[in-house]
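**Q** Take a look at the following structure, please.
Laboratory data are not the source of any read-out in this text; all were calculated from the coordinates shown. Predicted, not measured: the structure shown is a model, and the values here were computed from it. Methodologically, a virtual Cβ is constructed for each residue, glycine included, from the backbone with ideal geometry; neighbour enumeration extends over all protein chains shown.
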Amino acid sequence: MHKIIIEPTANPNVIKFVADYTLIPGSLELDRSSDISEIPLAQELFNYPFVAKIFISANFVAVAKEEHVEWEHIATSLKNVIEDELLANPRIYRQKPQQRYEIFAEMTPNPAVMKFGGNRLLLDGFVEVKSKEDADEVPLAKALYDEFKFVKEVFVSENFVAITKDDSVQWHEVMVPVRNVVSEFLQTGNAITNKAPQKHENPVEQIINREYTDDEQKISDILTEYISPAVENDGGKISLLEYDAENKTAKMLLQGACSGCPSSTATLKGGIEQVLRNFLPDLVEKVEAVNG
């Protein structure tokens, strides 16, 4: 029997049930209006009235619950259902294509940033818009700036849009209309950006127009393998900007939800710095943050 591990997410109403193998090629987002006739797992989960949405991708099933119930009372039951269904049907079949582009709104560690993620690839790489004046070449960002005065920054990467707001509103007041604008824009099929996305593999090359040294490449490889996936899951991006060999200091470029996040310094010191020191003790003693 395959093992399922329960993992919390940044959204208190969403929890992930992670398998030890790939469940599906691509991804699925399902709610109670979706056609689940060919997806037994979704049928069983939606038998629970508190299950609001289901997102299936790669090796995990994410379940969004209603707010009136607590995970401590239901998580184990859902885990058992998922394990039983995967025992009977190890692979999850994709439903018929949805007519509309549906997305999740998910909080990030940065309270000013909300992540709007979907089940389709938006960009191969990323674009970041820091102000309304810079949005002309990124139609999705321009649509958001034109519609909402509180939008400060827009970061689009892979299958999500991370939006930074100012202090004039709270996310619970504006989350739904922002999600609707993002969804409606994507539904039109218009170009998200008219300029080439930056590549994840080496964004520093476009910033300072140089290639990594051997030592920088070693640091970047550790970031890519052990750190970037978790950071990108929270709607952000972290890249090596500069390496000071004399002081053994790695300077990190923080973008998306990471930029200006109150917890980013603690994350650098408590997590990223420790990882780099463990893997590359001869190269790195400390890290410093540079907001993108």
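**Q** Taking the Cα centre of segment 42-138 as origin, sum charge times position over the Cβ atoms of Lys and Arg (+1) and Asp and Glu (-1), and report the length of that vector in debye to the nearest 20.
**A** Dipole of segment 42-138, to the nearest 20 debye: 340 debye.
**Q** Order these by the 10 Å Cβ neighbour count, fewest first: Asp215, Asp282.
**A** Asp282, Asp215
**Q** Taking 0.36 nm per intervening residue step and subtracting the Cα-Cα distance, what contour gain separates Glu225 from Gln170 on full extension? It would help to have the intermediate numbers written out before the result.
**A** Details: separation 55, 0.36 × 55 = 19.80 nm, distance 3.44 nm.
Value of the extension gain: 16.4 nm.
**Q** Can I get the semi-axes of segment 1-78's equivalent ellipsoid? Compute them from the C-alpha gyration tensor as square roots of 5 times the eigenvalues, in angstrom, largest first.
**A** Working: eigenvalues 64, 53, 26 Å².
Each semi-axis is √(5λ); the values are 18, 16, 11 Å.
**Q** Still on this model: Can you compute the modelled spin-label distance between Gln43 and Lys195, with each label point 7 Å from Cα toward Cβ, in nm?
**A** 5.0
**Q** Would you order Phe160, Phe185, Phe279 from fewest to most other beta-carbon atoms within 10 Å of each residue's own beta-carbon?
**A** On the way: Phe160 23, Phe185 20, Phe279 15.
So the residues, fewest neighbours to most, are Phe279, Phe185, Phe160.
**Q** Using the Karplus curve 6.51 cos²θ - 1.76 cosθ + 1.60 with θ = phi - 60°, what ³J(HN,Hα) values do you get for each residue of segment 179-188, in whole Hz, with x for Gly and Pro?
**A** Along segment 179-188, the couplings run 4, 5, 5, 4, 4, 5, 5, 5, 5, 5 Hz.
**Q** Tell me, Tyr243, Tyr21, Tyr212 in order of fewest to most beta-carbon neighbours within 10 Å? If you can, show how the numbers build up before the last one.
**A** Values: Tyr243 20, Tyr21 11, Tyr212 16.
Neighbour counts put them in this order, fewest first: Tyr21, Tyr212, Tyr243.
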